[in-house]
Amino acid sequence: MTDEEIKRAIWQTVEKGQKAFVYTTVDGKGYPRGRYMGAVMIKDGVMYMASFSEARKIEQIKVNPRSELIFATQDYKQVATLGGKSRVEESLELKRAFWEANPSCKDYFSGYDAAEFGLIAFSPHSGEYLDPQVQHAPFAVALP
């Protein structure tokens, strides 16, 4: 696969798997901490995810922004892993856009401008794509 084909396959897998994915940060002792996430908004190559503002992952990315996202298609036949850096996003405009794009936020937060509503911005710098029907080791590429 060419780099462009790998990038296309990564983003197609992200699109198919964005309702349930794994987000991993690094804790204070240097250990990875993965958790299940359920919604992402992609804008200008940045991926946004909601979180409670007091969540451990928010504190972890303030100390160490290195993070990773793993997406899989529903049948688990394609997997995309994105490495990058995260930051806490404070823009009310972006929080509102995420809120409007993800109605399930209302089940967890009182409003896009509520203190408990945090937004994480993830900027990928590398990606891997795995399709076990095509190859047994992932194809790697620099992003975006």
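Key figures
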quantity	calculated
Distance between modelled label sites at residue 36 and residue 73, nm, 7 Å Cα→Cβ extension	2.2
Peptides ranked, highest mean first, by Cβ atoms within 10 Å: ranges 5-12, 132-139	5-12, 132-139
Linear extension gain, residue 116 paired with residue 2, 0.36 nm per residue minus alpha-carbon span	36.7 nm
Distance between the range 1-59 and the range 67-95 - C-alpha centres, whole angstrom	2
Reach of residue 106 by Cα under 17 Å, taken over lysines that are not fewer than 8 positions away in the same chain	19, 95
Inter-probe distance in nm under a simple model that places probes 7 Å from Cα toward Cβ, at residue 27 and residue 56	0.5
Alpha-carbon gyration tensor eigenvalues x 5, square-rooted, for the chain, Å	27, 17, 13
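A short reminder: the numbers here are calculations on the coordinates, not readings from a lab. All values derive from a computational prediction rather than experimental measurement. Note: ideal-geometry Cβ built from the backbone for every residue, glycine included; neighbour counts use all protein chains shown.
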